[in-house]
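Please treat every number below as a calculation from the coordinates, not as lab data. No experiment lies behind these values; they were computed from the predicted model shown. Cβ atoms come from the backbone with ideal geometry, glycine included; neighbour counts cover every protein chain shown.
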Amino acid sequence: MTTPATRSRENTRARLLDAAAQVFAEVGLDGASVEAVCDRAGFTRGAFYSNFESKDELFLMLAGSVAEQRVNAVRTRVDEIAADGGLSEGCDPVELVQQIMDAGGDDRLGVMLMSEIRIRALRDQQFGAAYLAQEREMVSSIAIIITDIVSVSSLELRVPAEEAARMLMIIWEGMTVRGAMAGQDSGQLRHTSGEELGRLVQLLLAE
């Protein structure tokens with residue numbers, strides 16, 4: 001049973017995460033100080049440190065939230081396609097990938113956040129280990145979605161679902177970063193990454 005204290009704590013954390021995203025969008029990861037985040041959220045430093053040990057923990061959790069939202073968007077879209085019969089025998093895997101990606105949550109802010117988080121992970125081994133653990137969880141979630149798609153369709157993978165998920169994520173990250181550099185908007189980011197993922201899927205599927 002959720003208590004009022006638990007709900008209050010969850011609300012505080014959610015407001016701090018939302019404020020962190022807003023401040024990050026304006027000044028970047030290094031410029032997003034604890035003070036700036038607290039001011040934007042309307043909390044004191046005490047409230048911050050009762051919920052997060054450090055700014056690193058806050059932004060790692062924010063990155064995890066972004067990743068979770070993306071995976072959930074993909075899962076929802078796959079369920080919709082399955083309900084409409086889009087995973088039946090003879091479905092076009094490239095078109096399927098594009099349909100899934102078009103409904104995703106990719107945007108420039110998310111790409112920028114994840115890019116700066118990775119740079120921070122490169123500079124700090126402990127932070128990097130935490131980031132990689134979080135990334136492994138995302139890969140596992142994607143692998144489950146892939147396994148579910150294969151189980152109800154005529155598609156067959158050349159490699160284990162976990163390996164396919166890792167390769168798809170690497171290509172997706174690379175394409176969204178380059179698309180953001182080129183000034184693509186959210187829709188273009190999703191479409192471009194979807195095209196590249198579709199090409200990779202063709203290579204990953206058994207004939």
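Numbers below:
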{"read-out": "Loop-resident sites, segment 140-207, for trypsin sites (Lys or Arg not before Pro), counting at most 12 other Cβ within 10 Å (DSSP)", "value": "Arg158"}
{"read-out": "Extension reserve of the Met112-His191 stretch, reckoned as 0.36 nm per residue once the Cα distance is removed", "value": "26.6 nm"}
{"read-out": "Segment 130-207: C-alpha gyration tensor shape, a/c 1.5 cut-off, then a/b vs b/c", "value": "oblate"}
{"read-out": "About the Cα centre, charge dipole magnitude for segment 55-204 (Lys/Arg +1, Asp/Glu -1 at Cβ), debye", "value": "540"}
{"read-out": "Cα shape, segment 2-128, gyration tensor, a/c 1.5 rule", "value": "prolate"}
{"read-out": "Only Lys, Arg (+1) and Asp, Glu (-1) charged, at Cβ; segment 1-43 dipole about Cα centre in debye", "value": "300"}
{"read-out": "Segment 109-165: GluC sites (Glu not before Pro) falling in loop per DSSP and having at most 14 other Cβ within 10 Å", "value": "Glu156"}
{"read-out": "Relative compactness, segment 54-207, computed as alpha-carbon Rg over 2.2 N^0.38 Å", "value": "1.05"}
{"read-out": "Global form of segment 1-52, assessed from the alpha-carbon gyration tensor, a/c cut-off 1.5", "value": "prolate"}
{"read-out": "Loop chymotrypsin sites (Phe, Trp or Tyr not before Pro), segment 1-52 (other Cβ atoms within 10 Å of the site Cβ: 15 or fewer; DSSP)", "value": "none"}
{"read-out": "Residue-span extension gain [Thr76 to Ser50] - 0.36 nm each, minus C-alpha spacing", "value": "6.0 nm"}
{"read-out": "Top positive-direction residue, dipole computed over the chain with Cβ charges, set Ser186, Gly86, Tyr131", "value": "Tyr131"}
{"read-out": "Estimated 222 nm signal from helices in the chain, with DSSP H stretches of n ≥ 4 weighted -39500 (n - 2.57), rounded to 500", "value": "-26500 deg cm²/dmol"}
{"read-out": "Kyte-Doolittle mean at least 0.5, axial Cα span of 15 Å or more - DSSP H helices of the chain", "value": "125-151"}
{"read-out": "Amide hydrogen neighbours beyond the local backbone of Leu157, cut-off 5 Å, H modeled", "value": "Ala206"}
{"read-out": "FRET efficiency for Asp30 and Asp102, using Cβ-Cβ distance with R0 set to 30 Å, rounded to 0.05", "value": "0.35"}
{"read-out": "Of Gly46, Ala21, Thr6, farthest towards positive along the dipole that unit charges on Lys, Arg, Asp, Glu beta carbons give segment 1-52", "value": "Thr6"}
{"read-out": "Label-point separation in nm, Glu137 to Ser8, each point 7 Å along Cα→Cβ", "value": "2.6"}
